[in-house]
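A quick write-up on the structure given underneath.
Read-outs throughout are calculated quantities, based only on the coordinates presented, and are distinct from any laboratory measurement. What you are looking at is a predicted structure, and each value in this text was computed from that prediction instead of being measured. With ideal geometry, Cβ positions are generated from the backbone for all residues, glycine too; neighbour counts draw on all protein chains shown.
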Amino acid sequence: MNNISYYVVMCLGMFAARNALSYVGAFHILHHSGALDFLICNYEAEHLLGMDDVVDDLQTIIDRKQEVLQ
């Protein structure tokens, strides 16, 4: 695995823990909201942030996606 893969797995775990989700549940939400793509495409900037900030960014993307769908 490369650094991005390790980083995505770590972020997935942090997101799952914060939201009391399984890894599968967290992956499903991140994938379908586009947050996972965001994380991969913006790795260079996001990996410099603290994990709380990264998980906040992921939650913001999910929230915005839900607003659009309503």
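Numbers at a glance
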read-out: Subset of the range 30-62 that is outside any helix (DSSP H, G or I) and among the hydrophobic types (A, V, I, L, M, F, W, C) - its residue that is nearest to N3 (Cα to Cα); value: L48
read-out: Selection within the range 59-70 - under 11 Å from the mean Cα position of the chain (by Cα) and more than 12 Å from C11 (Cα to Cα); value: T60, I61, I62
read-out: Pairs, first farther than 11 Å from M10 by Cβ in the range 38-58, second surrounded by fewer than 16 Cβ atoms within 10 Å (Cβ to Cβ), C-beta under 7 Å, six or more apart; value: I40/I4; Y43/I4
